[in-house]
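Data block below; observations after.
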Amino acid sequence: MTDQDVAPAPDRAFQCEACGGVSEYAPGTYALRCPYCKHEQDITPIPRQVTEHPIGELAVLPRRASPPGRVKVYTCPGCHAVTESDTLSDKCQFCATPLVADASGTERVVPEAVLPFGVGREQARDALAEWTRSRWFAPNELKSVTEAETFRGSYLPHWTYDAQTTTQYTGERGEHYWVEEEDSEGRSRQVRHTRWHHTSGTVGRFFDDVLVPGSGQVPVKELDKLAPWPLEETVPYQEEYLAGFRTVRYDVEPEAGLESAKARMAPVIRADCKRDIGGDEQRVHSMSTLYSGLTYKLVLLPVWFLTYLHAGKAWPVMVNACTGEVIGERPYSAVKITLTSVGGALLIALVVLLVVMLRN
């Protein structure tokens with residue numbers, strides 16, 4: 001069955017109880033807020049818990065359609081304009097009415113949980129201003145950057161994986177010992193050597209919520225810099241939390257995400273093997289890992305995307321919309337770097353001069 005085989009569900013818009021406008025999710029709350037009259041109405045929690053799904057369930061799920069089959073056609077409930085988008089939620093391109101799609105009608109895997117926006121637009125602006133003020137070697141005029149050319153809140157899909165691992169390894173344990181030797185001039189000295197012993201063993205570890213980005217729209221290395229995420233604060237997925245924000249659909253299938261998760265587990269398992277080997281040094285020659293109790297879920301994580309202008313160039317920045325962590329590109333001041341380098345060289349020269357004077 002493909003996306004085209006599923007009867008389209010009506011697009012969601014959340015009407016304000018007070019004025020009849022369309023409400024949006026209010027960051028840092030569990031409520032919808034009307035952008036017109038500011039009335040807030042609570043989001044009624046759904047009666048279920050966030051659940052980890054056995055990896056075996058994937059075998060019976062249908063494959064998703066390839067583009068353009070995944071393009072969602074929204075009909076705005078406000079102005080009735082038609083908007084095409086590959087997102088789960090967006091805004092009408094004509095009247096900016098928040099639009100939310102029914103994920104069960106388009107997705108192979110429906111989001112299990114969402115980490116709601118905790119940092120609002122103004123807080124994100126403050127975080128950007130603080131970030132620019134604290135940049136070493138940044139041009140002085142950068143300190144005054146407070147406005148962003150673009151400022152967009154988005155939910156990004158991430159897979160989480162749990163697994164119990166049992167790993168059999170082979171390796172060597174190195175033990176240091178000291179030998180008294182003479183150098184070329186006949187002077188005695190202690191020289192360290194290492195005696196190696198072949199070893200093998202088994203280690204186990206439970207991995208909880210190994211996080212893997214579910215979209216290739218943002219480089220993984222950049223997303224990893226936004227960690228850690230307070231995953232304990234996730235709530236069961238509800239469309240209300242998406243209202244007013246753009247929600248990216250996943251393009252990394254869960255099976256591919258699992259392989260990435262195993263790659264993230266491997267260095268931790270290798271470190272466990274080294275601890276188990278003991279001694280002064282360790283070598284790990286082979287590892288064979290058995291994974292059991294594998295589970296997965298799809299989680300939506302909130303990010304503010306900003307672009308500020310400096311010296312005629314756009315500089316992209318991302319803000320973790322839960323912790324306020326800012327990462328991004330920044331300009332450097334050649335003058336400041338040069339002055340610092342010259343100052344460092346002068347300081348070294350002064351120290352050398354003082355040492356020479358003291359010896360004399």
**OP:** Scan 168, 238 and give me the residue that is crowded, with 16+ Cβ neighbours inside 10 Å and of a type outside the set (Ser, Thr, Tyr).
**Re:** 238
Subject >> residue 271 being buried (at least 20 other Cβ atoms within 10 Å of the Cβ) and closer than 15 Å to residue 165 by Cα >> reply: no
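Hey, among 296, 308, which residue is crowded, with 18+ Cβ neighbours inside 10 Å, among the hydroxyl-bearing types (Ser, Thr, Tyr) and within 23 Å of residue 110 (Cα to Cα)?
Criteria check complete, one pass: 296.
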**OP:** Answer yes or no: is there a residue in the range 194-202 that is within 30 Å of residue 154 (Cα to Cα) and touching a residue at least 12 places away in the same chain (Cβ under 8 Å).
**Re:** no
Subject >> Condition broken by residue 26, with the remaining ones in (1) at pLDDT below 80; (2) buried (at least 17 other Cβ atoms within 10 Å of the Cβ); (3) in contact with a strand residue (DSSP E or B) (Cβ under 6 Å, 6 or more places away or on another chain); (4) closer than 30 Å to residue 210 by Cα satisfied >> reply: (1)
Subject >> Residue ID - surrounded by the fewest Cβ atoms within 10 Å (Cβ to Cβ), chosen from residues in the range 171-208 that are aromatic (Phe, Trp, Tyr) and within 27 Å of residue 52 (Cα to Cα) >> reply: 206
**OP:** Within the range 129-178, count every residue that is in contact with a Gly (Cβ under 9 Å, 6 or more places away or on another chain), closer than 30 Å to residue 86 by Cβ and at pLDDT below 95.
**Re:** 1
Original post:
Only one residue in 114, 50, 60 is touching a residue at least 24 places away in the same chain (Cβ under 8 Å), surrounded by fewer than 17 Cβ atoms within 10 Å (Cβ to Cβ) and either at positive phi or hydrophobic (A, V, I, L, M, F, W, C) (or both). Which one?
Top reply: 50
Original post:
Mind checking which residues of the range 71-111 are of a type in the set (Gly, Ala, Ser) and free of Cβ contacts under 8 Å to residues at least 60 places away in the same chain?
Top reply: 81, 85, 96
**OP:** Answer yes or no: is there a residue in the range 85-98 that is charged (D, E, K, R) and not in a loop (DSSP other than H, G, I, E, B).
**Re:** yes
**OP:** Can you work out which of the residues in the range 43-84 that are of a type in the set (Gly, Ala, Ser) and in a loop (DSSP other than H, G, I, E, B) is modelled with the lowest pLDDT?
**Re:** 69
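The values are calculated or read from the model by the stated rules, or taken from the named source; none is laboratory data. Because the structure is a prediction, the values reported are computed rather than measured. Here the Cβ is made from the backbone with ideal geometry for all residues, glycine too, and neighbour counts use every protein chain on show.
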